[in-house]
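The values are calculated or read from the model by the stated rules, or taken from the named source; none is laboratory data. Please read all numbers here as calculations on a predicted model, not as lab measurements. For neighbour counting, all protein chains shown are included, and Cβ atoms are generated from backbone atoms with ideal geometry for every residue, glycine included.
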Amino acid sequence: MRKPIIAGNWKMNKTAAECRELITALAPKVKDATCDVVVCVPFTDIALAAELTKNTNIAVGAQNIAWADSGAFTGEISAAMLIEAGAEYVIIGHSERRQYFGETDESVNKRLTQALKNGLKPILCVGEMLAEREGGLTEKVCRTQVVGAFDKISASDAEKVVIAYEPVWAIGTGKTATDEQANETIGFIRSVVKELYGAKVADGMRIQYGGSMNAKNVAGLMAQSEIDGGLIGGASLKADDFSIIVGAAK
Ligand code: PGA
């Protein structure tokens, strides 16, 4: 049995004061969750979020990680820095990084390798653009992204990865994939993991859906056999909405 995992992706939202407000409101609402609960916050909120979630069931994550240990990489944040600040998880290869910041399958692979080497728990994002879905390329794109991300990564490391399937056309648009579309593509991604690492790793791997997941559509998505949780953007910014989503992930 795979334990569901609900992760909030705050993106570039929430100052420290707002982070304090949100986590203070959220913690009591999700304390009885039976799934894993994560909030992936901006770098500047990590230390505060870690302090505020001490003695709670909420884990803290970052939204990116440098592939190098240290050095001349202006604007990047290292694994050691993330860990010292209190991050346990890290999102890698989010479509916004791929679209706006030149992230490629190769750089995603380097960041994933670095996260695993340092014991951070990666949430690896994959997903197709609208034109790719309409052109019948969804599986091809997802396969390329998964195979590229896991290049030279061992099975014992791969086991520690959570994948988030996020169709780009569903992110922040209010347009969700149907329950069946999400389930089918996640099943396909699991089959690619199986090709790479065998049935045991594939069956154990948690694969989330992401893209306009909210308090209203979570139940239908979570009822699908292949969907092990969600990566939640907009709806993770409100304690009430996010806690409803957490409560639905049993
Ligand atoms: P959304 O974002 O829930 O606002 O669509 C999801 C994500 O990008 O991780």
If you check 152, 160, which single one turns out to be more than 21 Å from residue 211 (Cβ to Cβ), surrounded by fewer than 19 Cβ atoms within 10 Å (Cβ to Cβ) and either of a type in the set (Val, Ile, Thr) or within 18 Å of the chain's Cα centre (by Cα) (or both)? 160
Residue 190: away from the ligand (no atom under 11 Å from the Cβ), within 16 Å of residue 40 (Cβ to Cβ) and not β-branched (Val, Ile, Thr), yes or no? no
Can you name every residue in segment 71-97 that is assigned to a helix (DSSP H, G or I) and either buried (at least 18 other Cβ atoms within 10 Å of the Cβ) or within 16 Å of the ligand (Cβ to nearest atom) (or both)? 79, 82, 85, 95, 96, 97
Among (1) under 30 Å from residue 132 (Cβ atoms); (2) acidic (Asp, Glu); (3) surrounded by fewer than 16 Cβ atoms within 10 Å (Cβ to Cβ), the one test that residue 51 misses: (1)
Pick from 3, 11: which is part of a loop (DSSP other than H, G, I, E, B) and touching a Cys at 6+ places or on another chain (Cβ under 7 Å)? 3
State all residues of segment 195-237 that are hydroxyl-bearing (Ser, Thr, Tyr), away from the ligand (no atom under 15 Å from the Cβ) and part of a loop (DSSP other than H, G, I, E, B); if no residue qualifies, say none. 225
When every residue in segment 130-149 that is buried (at least 16 other Cβ atoms within 10 Å of the Cβ) and among the polar types (S, T, N, Q) is compared, the one nearest to the chain's Cα centre (by Cα) is 145
How many residues does segment 93-134 hold that are farther than 28 Å from residue 37 by Cβ and of a type in the set (A, V, I, L, M, F, W, C)? 3
Tell me which residues, restricted to segment 1-52, are among the acidic types (Asp, Glu), touching a residue at least 24 places away in the same chain (Cβ under 8 Å) and over 17 Å from residue 64 (Cβ atoms). 36, 51
For segment 198-213, which positions are crowded, with 20+ Cβ neighbours inside 10 Å and without any contact (Cβ under 8 Å) to a residue 60 or more places away in the chain? 207, 209, 212, 213
Please indicate, with yes or no, whether at least one residue in segment 49-70 is modelled with pLDDT of 95 or more, hydroxyl-bearing (Ser, Thr, Tyr), more than 24 Å from residue 116 (Cβ to Cβ) and in a helix (DSSP H, G or I). no
